[in-house]
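K.L.:
My structure is below; once you've seen it, I'll send some questions.
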Amino acid sequence: MLGGQAIVEGTRIAVWHLVGYYYKVGMSVEDILAEWDYLQPAQVFSALAYYHDHKAEIDAVREENSYERWQQEQVAHAAA
């Protein structure tokens, strides 16, 4: 945990960020490992296992940190 968020063990990468890459962009574990060559397969699989065990929590954090959410907040702030 870092700042109250689940992270990939031994890194500062948030699980929600890795999951976003894996699911939203459609990257395979092999693609993630090629992109982040300093990660080990066990780290990626562990992060994905954590996600599946805590799906609602991680999805909520992904939504809070999404570009769409940021965009909505910017529009609301500009209108105020």
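The values are calculated or read from the model by the stated rules, or taken from the named source; none is laboratory data. If you're wondering where the values come from, they're calculated on a predicted model, not measured in any experiment. Here the Cβ is made from the backbone with ideal geometry for all residues, glycine too, and neighbour counts use every protein chain on show.
K.L.:
Just name the residue that is modelled with the lowest pLDDT out of those in region 25-80 that are hydroxyl-bearing (S, T, Y), farther than 14 Å from A6 by Cα and under 15 Å from the mean Cα position of the chain (by Cα).
P.N.:
Among those residues, the one meeting the criterion is Y67.
K.L.:
Here is a follow-up. Could you please tell me which pairs satisfy a Cβ distance under 8 Å, a separation of 6+ or placement on different chains, a first residue in region 59-71 that is within 18 Å of L48 (Cβ to Cβ), and a second residue that is among the β-branched types (V, I, T)?
P.N.:
R62/V19
K.L.:
If you go through region 47-58, how many residues are within 24 Å of W36 (Cβ to Cβ), small (G, A, S) and without any contact (Cβ under 8 Å) to a residue 12 or more places away in the chain?
P.N.:
Total meeting the criteria: 1.
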